[in-house]
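*Asks:* Can you keep this structure in mind? I'll have questions shortly.
The values are calculated or read from the model by the stated rules, or taken from the named source; none is laboratory data. The model shown is predicted, which means the values in this text are computed figures rather than measured ones. Cβ sites come from the backbone with ideal geometry, for glycine too, and all protein chains shown count toward neighbours.
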Amino acid sequence: MKLQSPPGRPRSSARAATPFATHIAAVRSVFPPHRYAQAEITGMVADLGGLDRVQRALLSRLHANSGVQFRHLALPIMEYRDVYGIGLSNERYASAATDLAEQALRSALDEAGVLAQDLDLLIVTSVTGVAVPSIDALLIPRLGLRQDIKRLPVFGLGCVAGAAALARLHDYLLAWPAQTAALVSVEVCSLCWPRTGITTADMVVSGLFADGAVAVVVQGDQAAGARGPSARPDGPSAASGPRIIATHSELCPDSSDALGWRLGQDGFRIVLTTDLSDVVEGKLAAVVTSFLARHGLTVDDIGTWIGHPGGPKVIDAVQRSLDLPDSAVAMSRRSLAAAGNLSSASVLHVMELTQAQCRPAAGSHGVMIGLGPGVSVELILLRW
């Protein structure tokens, strides 16, 4: 029998009556070795942009109010003086992003007890540079992945890409429940910081974004807990992590100018307006409550919230829209303070912190909230 969404409601990829789920076996973050306090990066950005005294004062205030304490950079801080222009910046991006992606995926596979040749699908998301062949292809010889592995590089979704790709990976495994898939979100945001014509929006994002990668290994229902002949004998069971129960995607109308990229002579430049937090605060509650209602849940039934740490104003907007306590967004703020905004990888880093530090109770529900250009919202319903 074909299941249909209730009349008048947006269609979701979830099917409320089905028992099927996918299992998150591992989530691992990797950062470059170059870690700096926010004040050090503020000075570097001011020097690279040739800012005058008034601009430097504004930059310092914006960076100090960003909620960021430390960030990891792909290059030693002094080397950024020698990396200018889209050509050289993108070369450094391709090298750094591939290295970070390899480290993150290797670490996640090891944690999950899954051998590289047992992966059936690999999705790689990134929006801070371009690599052709794509990073997923470059990882095949490095990790010993199968030559016939299915690959999906994702570009253009921005900060929402980590959650969106995890949702699409879930969709794939519902169709192929005996398979194992992986997602790598990798971003080298520092190579996108502008050098000329610095605007207030440029100053804001230069105080938020940073570099890193997060890999997630997910198994279908039949694969989770099954020990194949080539599986590592000491590997943990995938069922110890949360299950993905349902997903939902929604694009907020008339919000396409609030957030995005444009391509300039010196590389990608941010498009950011003050409308972003207003859109999130005004639209998110209706999207979330409708999604939860289709699964017999309310906001009060959710014990764990995994929200994209886009910045203090975005986190505040999520909290106000859903009327959440401070504890519900604490991991998002902690991720932002410790590592900055990692774009597509950030919400996955919050999930790793949540799993390690909060240890949600068995049987409890969680919701991942991805936010990105569009303005787009990606929701994932989890159950521990």
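*Asks:* Filter the stretch 365-384 down to residues that are small (Gly, Ala, Ser) and at pLDDT 95 or above and give me whichever is farthest from the chain's Cα centre (by Cα). Walk me through how you get there before you give the answer.
*Replies:* Step one: filter the stretch 365-384 for residues small (Gly, Ala, Ser), giving 366, 370, 372, 374, 376.
Of the ones still in play, those that are also at pLDDT 95 or above are 366, 370.
On the way: GLY366: 16, GLY370: 7 Å.
Across the stretch 365-384, the extreme among qualifying residues is GLY366.
*Asks:* Further question: Take LEU88 and decide whether it is touching a helix residue (DSSP H, G or I) at 6+ places or on another chain (Cβ under 7 Å) and surrounded by fewer than 18 Cβ atoms within 10 Å (Cβ to Cβ).
*Replies:* no
*Asks:* From the residues in the stretch 157-213 that are within 20 Å of LEU100 (Cα to Cα) and hydroxyl-bearing (Ser, Thr, Tyr), which one is surrounded by the fewest Cβ atoms within 10 Å (Cβ to Cβ)?
*Replies:* The residue in question is SER190.
*Asks:* Just one of the numbered conditions (1) modelled with pLDDT of 95 or more; (2) assigned to a helix (DSSP H, G or I) is not true of GLY303; which one?
*Replies:* Of everything listed in (1) modelled with pLDDT of 95 or more; (2) assigned to a helix (DSSP H, G or I), GLY303 misses just condition (2).
*Asks:* Can you name the condition, by its number, that LEU324 falls short on among (1) assigned to a loop (DSSP other than H, G, I, E, B); (2) touching a Leu at 6+ places or on another chain (Cβ under 8 Å)?
*Replies:* (2)
*Asks:* Here's another thing I want to ask about it. Pairs only if they're at least six apart or on different chains, beta carbon under 9 angstrom, first in the stretch 66-93 and under 14 Å from TRP193 (Cα atoms), second assigned to a helix (DSSP H, G or I) and among the aromatic types (Phe, Trp, Tyr); list them, first residue then second.
*Replies:* So the pair list comes out as LEU73/TYR80; ALA74/TYR93.
*Asks:* Name the residue, out of LEU336, LEU276, that is part of a helix (DSSP H, G or I), within 17 Å of the chain's Cα centre (by Cα) and farther than 16 Å from LEU379 by Cα.
*Replies:* Exactly one of LEU336, LEU276 is part of a helix (DSSP H, G or I), within 17 Å of the chain's Cα centre (by Cα) and farther than 16 Å from LEU379 by Cα, namely LEU336.
*Asks:* For the stretch 175-187, indicate whether the set of residues that are at positive phi and touching a residue at least 12 places away in the same chain (Cβ under 8 Å) is non-empty.
*Replies:* Checking the stretch 175-187: not a single residue is at positive phi and touching a residue at least 12 places away in the same chain (Cβ under 8 Å).
*Asks:* Take VAL188 and decide whether it is within 14 Å of the chain's Cα centre (by Cα) and under 14 Å from LEU348 (Cβ atoms).
*Replies:* no
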